[in-house]
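Read-outs: derived from the displayed coordinates by stated rules, not from any lab. Given the structure is predicted, the values throughout are model-derived calculations rather than measurements. Heads up, the Cβs are rebuilt from the backbone with ideal geometry, glycines too, and the neighbour counts pull from every protein chain shown.
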């Protein structure tokens, strides 16, 4: 057994488990003891039971795995929480099925100002969705639905009219209101500037402000603040239910930090949460002073900032991801970047100079290259440091950019549920957009890992289900979608590390969490079965039974 000076009795012990510590020096045990929010001992059941006193809480793992709490390295907490009440349209195909789902949802909500659907497949109908399709389903009430990737929305005429979008409007680069042959908006809205006005008009925008880096204006009333805190707490509960103990949010503003600080004061902050400052292309570099201020104010093990999030491009399915060469199914088009390469270099150099970590949404190989160029410029201008800047998604990469992750010390932040066919996304239209020549380096986790990159895993909830075990299963079960492509799958231990060890590393906390070890934070999850003895195809049946964060039970099945 490995023990620190335990002193008094343990607050809590977990016995009768298959403890998988993720610590190479002490990989397995039977039991864990916790006191004052930290692990004090790991070892045999008999040794740990010696630390039990009259007030010690005992959790019997009943032979299930006991592992470090999951670290969700890329998600959208506030928006995900808000979406729990939306109409979920994943897996719905064909006009009749879409009509039935929307009309049933609408009938149950007679007073909703705006009806919202989420999780829509781009191929939900055999032809492109327009407002006319949606008008045939629901004409007299505003309705909008977003694609599963949250980069495209489709709205009926009523919603477009009320939000002032029916006649189109001028937008920034990379955003588009698709216009119809009649000179009016077709109903398809690509990227946030195009569909944001709908959410804003109907008062749905506070949960989205972290994607714009802006603050609520006017500031919410006491009643609205309380409602937003409750909504945020509901999101945290959903995460704890899935074994998550730490969250690295990927949209952010000061308001989100204030909401979470309010929850912490009420004793309701049940997951450790990191919130970035979201920097947009229309902001002056001086806005990074706000990011520095957020980092200085919020820097505890429960609530922190210190990161700048940027979007460089969009997504493949709407042709808004930025590619080095033309899209396979749209000759002459490579996508339009949200930043020019020169502008991004300025942002990267200044954020890095301030000691801030940078995380950039980069899906196309052109975006990945531009972001790596920005990180390289930051090193050349400011000197090399342990910056752990991140590239988010990396759905396509060129051979020359693969080794640059290890060379520059950049983290590859990737999502096992996202490859077409891996979990809930169909093969088309994505693989046709990418084109066969680029398939070998699409969603290339294994290639990047083998080239020395640190690869961290996440869900991007609500883009994919938040459940890390589904992500682990997707990583382990991944199969190439064509003959001759390299196997990009991970072993079970590699996938678990992607949600624990690598998550801790990506937030500079590998000395405090991500493994089960005396002196580390008591963040752990007890599973319903032995995950190492579960067949890959049955992994989804393994469920969190108890989640413990900071020594407190945050979820009990």
Distance between Cα centroids, region 133-168 to region 177-214: provide it in whole Å. 9
Share of antiparallel DSSP beta bridges in the chain, in percent to the nearest 5? 50
Need one number: nm distance between label points at residue 289 and residue 50, each 7 Å from Cα along Cα→Cβ, rounded to one decimal. 5.9
Please give the contour-minus-distance gain from residue 432 to residue 139: 0.36 nm per residue of separation, less the Cα-Cα distance, rounded to one decimal in nm. 102.1 nm
If we count other beta carbons within 10 Å of each Cβ, what is the order of 456, 322, 58, 178, fewest first? 58, 178, 322, 456
Principal-axis tilt of helix 95-107 within the chain, Cα atoms, nearest 10 degrees: 70
Subtracting the Cα-Cα distance of residue 26 and residue 400 from 0.36 nm times their residue separation yields 130.8 nm
7 Å from Cα along Cα→Cβ at both residue 230 and residue 8: what's the point-to-point distance in nm? 3.6
Estimated 222 nm signal from helices in the chain, with DSSP H stretches of n ≥ 4 weighted -39500 (n - 2.57), rounded to 500: -8000 deg cm²/dmol
Where the centre of each part is set by its Cα atoms, how far does region 233-312 sit from region 418-468, in angstrom? 26
FRET efficiency (residue 328, residue 219; Cβ distance; R0 45 Å; to 0.05) is 0.40
P(r) of region 77-209 over all Cα-Cα pairs, 10 Å bins starting at 0, rounded to whole percent, reads 13, 49, 35, 4
Tell me, what is the percent relative contact order of region 191-324, built from C-alpha pairs under 8 Å that lie six or more residues apart? 22
In whole Å, largest first, the alpha carbons of the chain cover along the principal axes 78, 55, 50
Between helix 288-297 and the chain, what is the angle of the helix's C-alpha long axis to the longest principal axis, kept within 0 to 90° and rounded to the nearest 10? 30
On a 0 to 90° scale, report how tilted helix 341-353 is relative to the longest principal axis of the chain, with both axes built from alpha carbons and the result rounded to the nearest 10. 30
How much length would be gained if the chain were fully extended between residue 123 and residue 343, taking 0.36 nm per residue of separation minus their Cα-Cα distance, in nm to one decimal? 75.7 nm
Just to be sure I understand the model, the point goes 7 Å from the Cα along the line to the Cβ. What's the resulting residue 483 to residue 530 distance in nm? 4.0
If you average the sequence gap of Cα pairs under 8 Å that are 6 or more apart and divide by the length of region 77-209, what percent do you get for the contact order? 21
